[in-house]
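Encoded as structure tokens, the structure appears first; notes follow it.
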Amino acid sequence: MSNPLLEESLLPPFEAIKAEHALAAVQTILERNRTKIASMLADESCRNWAALVAPLDELNDQLEQAWTPVSHLNAVMDSAELRAAYNACLPLLSEYNTELGQSQPLFRAFEALAQGDEAAGYGAAQNKIISNTLRDFRLSGVALADADKKRYAQISKELSNLASRFAEQVLDATQGWTKLITDQKLLSGIPQASLAGMAQAAQAKGEAGYLVTLEFPSYFAVITYCDNALLRQQIHEAYVTRASERGPNAGQWDNSPLITQILALRHEKARLLGFKNYTELSLANKMAESPQQVLDFLQQLAQRSQFSARQEMSELQEFASQHYSVEKLQPWDVGYYSEKLRQHRYAISQDELRPWFPLNQVLQGLFEISRRLFGIEITAVKGPQLWHHDVLFYEVSRDNQVIAQFYLDLFARERKRGGAWMAECRVRRRRSDGSLQLPVAFLTCNFNAPVADAPALLTHNEVTTLFHEFGHGLHHMLTQIEYSGVSGINGVPWDAVELPSQFLENWCWQPESLTQISSHYQTGKPLPQTMLDKLLAAKHFQAGMQMVRQLEFALFDFRIHLHDPAEAPLDVQKILDEVRAQVSVVPVLPDNRFQHGFSHIFSGGYAAGYYSYKWAEVLSADAFARFEEQGIFDTQAAADFLSKILEQGGSQEPLEMFQAFRGRDPDIEALLRHSGLASPQSTV
Ligand code: ZN
């Protein structure tokens, strides 16, 4: 039986791929790879690039070429058969990856390669691949002595169990509190769409009325819009005490012991690997160089945004007193009166903006901006097999040579996963036969499909999302690197990977580029300056308060992972209280146990890494600042961004690339200015 996933093809044969092909293809490839890797490792002469790294890369690429279309289809064309096939492959892939990551012989082979005579002649990309590989081997514990390795494996297993229990308890606690409201008057202020959701939730339980839950859409609707202060108070108390020893379900799903155990095990793991604490382990594969650098960075942002944050809070208090006679804002009032103030100052809705952003104009404008900046032509092409008739396919060329391709799948539809993302279809690399494999990207969004004969109209948020994903796409497609390990977004530390995407968003906010992406679908006029001004003002609303809130999370995350339990017993609540005293400006419920639901760091991948959000924003804002200084279409700035950052992929340290582009270290000023927080530091 022929299997399209096992046949070589330039682009995936989407029309021929069926669910039953997935498992067979993955099994065949994994078996073949295992045999080939074993014979390579058995042969002692295979300790050079051509006999070890290049063939490994080839094997990995074959696996990717079979798996990528399957995981892509699973995301955009979900079906019961495909989902089952996809899920059947996952454990096989994860087992294979663990096996390679833990392989002692493979680790030794890379060590021999790094110390061999040939290594002196390697280029930057090759060196980076080897050092990344050795680093990842060490971080996976493969270099440890036997007893330590055993303990390492135990810790990893326990940590993964604890993380999933943490998430389960948050989920149980979230679902463990509901409130049925039968009198609609008690919900006044809540938008119709949210009310409909609450009515539906009640109905699903066989009740009449409205079911208020702690699921985010419901919580958000109540805390932001509900006029009933008592209900806001109740939902707030339930929400911020989830999975803790406080609140309406005190002790029922208490994450306190898990937090302590997780932090202790992470510390032990870091020590086993030779780090001082977990923050050092976390930074081992990130751009930030030392824990102190991260702390200084966060402190500096805190210092610079605190004055604005306090001022915004007192403006809010003043507004609530004047217009609503609220003497003292409570924790459950902040969101509600902030929304009132926002409406009062900048009555502008995303829906009002849609007529100015017909999809075709936005795409044309995006491609024109990319042409002016990076000298690339983007053309729609017919021919390749697609998974849905809405999907478009494009070629990217420079000097009449095709250098990359991408699929564009923009509209929401049934059986397509929500959100927006860029994913790799093919990575740029030199094949072992000497030919060049061109990069191909999947760009996926979930915009409203066009209705009747009107064109698809985007909100400004959606335009920004498209630019963001296209920025990731350019990073993937414009790379000049020919080794897949550091080509495009591969090998880029995750606190730096959002640089190109957030960078490109800036062209959605400039009058000069807005004339290219906006054109009223009936009058043909670009977005008026008055609308842009309102949009900008709304963007800066409570920027200081938002900033210190993020800093509170980031500082808390970093400080608890910095703690050495050998020096003093860990008191998580005390650290949170200290951080709050330092940066927070909003009133806090004494029973608030935010940390018990902080899944990002206790069950997600952000441990000692929450700072990354702000870190990447500083990079992208500061990179764009050079365009503000020299012109947003300045040829030299764009050529430098292309050659020093986009084309380099993960082949160099991001700090070095940034320095090469900017001529200096990253500076926080641009981010503060873009957030409207640049007013000189006050003496207050
Ligand atoms: Zn992104």
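Partner lysines whose Cα lies under 17 Å from the Cα of Lys539, excluding those fewer than 8 positions away in the same chain, are identified as Lys340, Lys614. Straight-line reach from Lys286: which aspartates and glutamates have Cα under 17 Å away, leaving out those fewer than 8 places along the same chain? Answer for Lys286, where 17 Å is the Cα cut-off: Asp136, Asp296, Asp495, Glu498, Asp557, Glu617, Glu653, Glu656, Asp665, listed by chain and number.
Considering every Cα-Cα pair within the stretch 239-313, what fraction, in whole percent, is farther apart than 14 Å? So the pairs more than 14 Å apart make up 74 percent of the total in the stretch 239-313.
In the chain, which helices (entire DSSP H runs) extend 27 Å or more along their own long axis, judged by Cα positions, while averaging at least 1.6 on the Kyte-Doolittle scale? Flagged H segments: there are none.
Within the stretch 598-621, whose backbone N sits under 15 Å from a point 7 Å along Cα→Cβ of Asn285? The answer is 605-609, whose backbone nitrogens lie closer than 15 Å to the label point. Each of Ser603, Ser160, Ser584 was scored by other Cβ atoms within 10 Å of its Cβ. Listed from fewest to most, they are Ser160, Ser584, Ser603. Shown here is the pair-distance distribution of the stretch 527-602: with all Cα-Cα distances grouped in 5 Å bins from zero up to the longest one, the shares run 3, 13, 20, 19, 13, 9, 7, 6, 5, 3, 1, 1, 0 percent. The modelled label-to-label distance between Gln293 and Thr260, using points 7 Å beyond Cα along the C-beta direction, is 3.6 nm.
Counting every alpha-carbon pair across the chain, the share separated by more than 50 Å comes to 14%. The order of His540, His476, His561, going from fewest to most other C-beta atoms within 10 Å of their C-beta, is His540, His561, His476. Label positions at Ser164 and Ala454, each projected 7 Å from the Cα along the C-beta direction, are separated by 4.6 nm.
Subtracting the Cα-Cα distance of Arg430 and Gln175 from 0.36 nm times their residue separation leaves 86.7 nm of extension gain. Here r is the Cβ-Cβ distance between Ser45 and Ala120 and R0 is 30 Å; the resulting FRET efficiency, rounded to 0.05, is 0.95.
With the cut-off at under 14 Å, measuring from each backbone N in the stretch 442-458 to a point 7 Å along the Cα-to-Cβ line of Trp421 picks out 442-446.
Each of Tyr225, Gln350, Ala163 was placed along the dipole of the chain (beta-carbon charges, centred on the mean Cα), and the one lying farthest toward the positive end is Tyr225. Placing a label point 7 Å from the Cα of Arg398 along the Cα-to-Cβ direction, the residues of the stretch 430-446 whose backbone N falls under 20 Å from that point are 430-431, 435-442. Arranged from fewest to most other beta-carbon atoms within 10 Å of their beta carbon, Lys36, Lys269 become Lys36, Lys269.
Extension gain Gln573-Thr515, at 0.36 nm per residue separation less the Cα-Cα distance, in nm?
Working: separation 58, 0.36 × 58 = 20.88 nm, distance 5.09 nm.
Result for the pair: 15.8 nm of gain on full extension.
Look at the dipole of the stretch 262-397 built from charges on Cβ: of Trp387, Tyr337, Gly365, the Cα furthest out on the positive end belongs to Trp387. Taking the Cα centre of the chain as reference, the dipole from Cβ charges on Lys and Arg (+1) and Asp and Glu (-1) amounts to some 660 debye.
If you average the alpha carbon positions of the stretch 402-418 and of the stretch 459-507, how far apart do those two centres end up, in angstrom? Cα centroid of the stretch 402-418 versus Cα centroid of the stretch 459-507: 16 Å apart. Residues whose amide H comes within less than 5 Å of that of Arg429, counting only those at least five positions distant or on another chain, are Gln437 (H built at 1.01 Å from N in the peptide plane). Oblate is the label for the stretch 7-65, because the ratio a/c of its alpha-carbon gyration tensor axes (a ≥ b ≥ c) is 1.5 or higher and a/b is not greater than b/c. Taking a ≥ b ≥ c as the square roots of the Cα gyration tensor eigenvalues, with a/c under 1.5 meaning rounded and otherwise prolate when a/b beats b/c, else oblate, which class fits the stretch 418-524? Prolate, since a/c reaches 1.5 and a/b exceeds b/c. Here r is the Cβ-Cβ distance between Leu92 and Glu20 and R0 is 25 Å; the resulting FRET efficiency, rounded to 0.05, is 0.95.
Model label points for His540 and Ala639, set 7 angstrom from Cα along the Cα-to-Cβ axis, are 3.5 nm apart.
Averaging the Cα positions of each part gives two centres, and for the stretch 1-15 and the stretch 140-163 these lie 39 Å apart.
No lab work stands behind these numbers, since they all come straight from the coordinates. Given the structure is predicted, the values throughout are model-derived calculations rather than measurements. Reconstructed Cβ throughout: ideal geometry from the backbone, glycine too, with neighbour counts over all protein chains shown.
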